[in-house]
Amino acid sequence: MSSEDVFIGAIDQGTTSSRFIIYDGSSKAIGIHHVEFTQFYPQPGWVEHDPMEILESVKVCVAKAVDKATADGFNVDKGLKAIGLTNQRETALVWSKSTGLPFYNAIVWMDARTSSICRRLENELSGGRNHFVERCGLPISTYFSAVKLLWLMENVSAVKEAIEKKDALFGTIDTWLIWNLTGGVKGGLHVTDVSNASRTMFMNLKTLQWDETILKTLKIPAEILPKIVSNSEVIGEIGAGWPIAGIPIAGCLGDQHAAMLGQSCHKGEAKSTYGTGAFILLNTGEGIVKSTHGLLTTLAFKLGPNAPTNYALEGSVAIAGAAVQWLRDGLGLISSASEIEELASEVENTGGIYFVPAFSGLFAPWWREDARGVIVGMTRLTNKAHIARAVLESMCFQVKEVLDSMHKDSTLDSKEESLLRVDGGATINNLLMQIQADLLGRSVVRPVDIETTALGAAYAAGLAIGVWKEEHIFNCKEKMKNAKVFRPLMSEELRKKKFESWCKAVSKTFDLANLAL
């Protein structure tokens, strides 16, 4: 079968939009459509999505992408062999098994409403914030799905009643989509994959199953949790009512794990994805590496039920591209995200200002839920171009903090010390990438296809049904041929001075969460 005859689809459900991309057998995108959906902010620090709107956005994307590819002469109806799915992680919801309707909006990964639950658990449990780290690799934090489920159980009466009546299903967005894609109330499959499960705080990193001790401690009924599967296997077929009914779902990964696969990250290699947040992962191979510098121990990927498990160290930055959206929607300094590069280029530096986007606290390596955003160092000469440049620098400083922590925790990436693989929508900004290289003091490599998250999901699905082999997926030399490399130009002395100033600015964000009262 020639590559022209084979197509693999990828559902990429992100924090602000959904996409469907169709790839041919040579992993070239031949059809794409994306739809943005609404983010709700009911209270300061709260972020929600409407699960039904997400579902509809995916349905529209699939239909439109198929139509586009077909219009361009590709016989997708005949050649589409499987789809993979990737999704925003940690975003959680509970819905009715009998009606298929959610009991409440999905609580988004960056939502901070659960801070009081986290503090309560830290005080009640003998291990404090790190009570479950040995089992699941994660500290107690508002970031993870477990505390979101606790909030729903404690604050939404319909959820509590449905659990008592055995009518509740819990899941992250992958689980919600797969359940609906495979039939919903008419026999939908209630599953998640190991990468998404590893972000709930419920999964044991060694057994890759729900940890009974954690569930008992948190009083979580096991029957509401989905079955855990690998990242690359045939899960089930898409049901009636969808544009691609009958096609198997053969891959599922959380977005950052999918990007690792799309970037072909071997053991010892790191990537950074720049989206709403920024997410840096280092593949540590089959060994679980414990962090002592504020990082998370998590799954990289498991490419088949019997395949070896690759683990990772991860550092998550809550606000990256979201800060650009804030400039656009909150301050009105730009009318589109793409304008920030030109505005920031109007000045050679930030004029001595530093912007720390701790809108709902700081994630790795600080883990300060009491932090709030600050701009420091302003003078009468500060203008909007300085602020725009400081916003770009803030993304890069945060990525540097995480990579520095990775170096302290592990020597696995020593052979790749000279480069960082990057992907995600924000990487089209050349100024951002050059600033990143300058502040890191290492080369930054941007692939030709920056949408590696969707590509990783397609790889997982194609691998499961035999369209691709691992040699094709991990052929880094081929992918590096046309990649853009940004090399550092800043002196080491200036780099060190700027980072010291950044750390001073970060310290000003602490203990500011109650200012809004």
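Keeping all protein chains in position, work out how much accessible area Arg368 exposes to a 1.4 Å probe, and write it in Å² to the nearest 10.
About 80 Å², rounded to the nearest 10.
Please give every one of the aspartates and glutamates within straight-line cross-link reach of Lys160, meaning a C-alpha to C-alpha distance under 16 Å, and leave out same-chain neighbours fewer than 8 residues apart.
Glu223
Which aspartates and glutamates does Lys290 reach when only Cα atoms under 12 Å apart count, and residues fewer than 8 places away in its own chain are ignored?
Within the straight-line limit of under 12 Å, Lys290 reaches these aspartates and glutamates: Glu134, Glu314, Asp409.
So which GluC sites (Glu not before Pro) in region 355-445 end up in coil per DSSP with only 15 or fewer other C-beta atoms within 10 Å?
Counting only loop positions with at most 15 other Cβ atoms within 10 Å, the GluC sites (Glu not before Pro) in region 355-445 are Glu417.
How do 249-255, 180-186 rank on mean C-beta neighbours within 10 Å, highest first?
By packing density, highest mean first, the sequence is 249-255, 180-186.
Which whole DSSP H helices in the chain pass both tests: a Cα extent of 27 Å or more along the axis and a mean Kyte-Doolittle value no lower than -0.5?
Counting only whole DSSP H runs, the qualifying helices are 51-71, 384-409.
Strictly over 31 Å apart at the Cα level, which of Lys219/Lys267; Lys206/Lys504; Lys28/Lys302 would you flag in this model?
Lys219/Lys267; Lys206/Lys504
In deg cm²/dmol, rounded to 500, what helix-only [θ] at 222 nm does the chain give when every DSSP H run of at least 4 residues adds -39500 (n - 2.57) and the total is split over its residues?
On the way: 18 runs with 172 residues, N = 517.
Mean residue ellipticity, 222 nm, calculated: -9500 deg cm²/dmol.
Taking the convex hull of the alpha carbon atoms in the chain, what volume per residue do you get, in Å³?
That works out to 141 Å³ per residue.
Using Cα-Cα distances under 8 Å and only pairs 6 or more residues apart, what relative contact order does the chain have, in percent? Present the calculation step by step, with values, prior to reporting the outcome.
Numbers: 1159 pairs, mean separation 74.3, N = 517.
14 percent.
With a 1.4 Å probe and every protein chain kept in, tell me what percent of the accessible surface of region 249-322 is carbon plus sulfur.
49 percent
Considering amide H positions built from the backbone, and no H for Pro or chain starts, which residues 5 or more places from Phe7, or on another chain, come under 5 Å of its amide H?
Leu80, Lys81
Which percent of the accessible heavy-atom area of region 89-229 goes to carbon and sulfur, probe 1.4 angstrom?
Numbers: 2540 of 5060 Å².
Whole-percent figure for carbon plus sulfur exposure: 50.
Where Lys and Arg each count +1 and Asp and Glu each count -1, what net charge lies around Gly351 among other residues with Cβ under 12 Å from its Cβ?
The answer is 0.
Roughly what % of DSSP beta bridges within region 89-229 run antiparallel, to the nearest 5?
Taking every DSSP beta bridge with both residues in region 89-229, the antiparallel ones total about 75 percent.
For the chain, give the share of DSSP beta bridges that are antiparallel, in percent and rounded to the nearest 5; count only bridges with both residues there.
Within the chain, antiparallel bridges account for around 70 percent of the total.
Could you do me a favour and compute the accessible area per residue for the chain, 1.4 Å probe, result in Å²?
39 Å²
For region 241-311, state which trypsin sites (Lys or Arg not before Pro) are in a DSSP loop and have at most 14 other beta carbons lying within 10 Å of their beta carbon.
Lys290
Give me the one-decimal Kirkwood hydrodynamic radius in Å for region 89-229, with the sum taken over alpha-carbon pairs.
Evaluated over region 89-229, this radius sits at 15.0 Å.
The values are calculated or read from the model by the stated rules, or taken from the named source; none is laboratory data. No experiment lies behind these values; they were computed from the predicted model shown. Reconstructed Cβ throughout: ideal geometry from the backbone, glycine too, with neighbour counts over all protein chains shown. These area figures cover heavy atoms from the full protein model, side chains too; ligands, DNA and RNA do not enter into them. Shrake-Rupley method; radii C 1.70, N 1.55, O 1.52, S 1.80 Å.
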